[in-house]
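Worksheet: one structure, shown below.
What follows is calculated from the coordinates using simple rules that are stated; it is not laboratory data. Keep in mind the model is a prediction, meaning the values are calculated, not measured. No Cβ is skipped: glycine too gets one built from the backbone with ideal geometry, and neighbour counts run over all protein chains shown.
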């Protein structure tokens with residue numbers, strides 16, 4: 001059974017996740033995200049659901065916009 005977060009809880013968790021990624025820094029960002037995913041997968045406890053989530057996340061992954069790329073390069 002899947003329990004969805006309420007919209008306000010989802011917004012708070014998203015903001016906390018973004019802050020944690022920033023705190024990890026660009027050098028450790030990928031490691032942080034992989035570790036976070038593994039910890040959450042352990043909470044799910046269902047390998048098939050975890051694999052579906054990975055596939056869904058990759059399938060819906062947006063291409064960064066040109067403005068986002070420029071902001072990162074200029075430090076904005």
| request: Treating each Cα of the chain as an identical point scatterer and ignoring solvent, apply the Debye formula and state log10 I(q)/I(0) at q = 0.19, 0.25 Å⁻¹. | output: -1.12, -1.41
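What ranking do 59, 46 get, fewest neighbouring Cβ atoms within 10 angstrom at the top? Spell out each step's value before the answer.
Numbers: 59 7, 46 10.
Listed from fewest to most nearby Cβ atoms, that is 59, 46.
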| message | Between residue 32 and residue 9, what is the label-point separation in nm under the 7 Å Cα-to-beta-carbon projection? | response | 2.4
| Given R₀ = 25 Å, FRET efficiency for residue 16-residue 60 by Cβ-Cβ distance, to 0.05? | 0.75
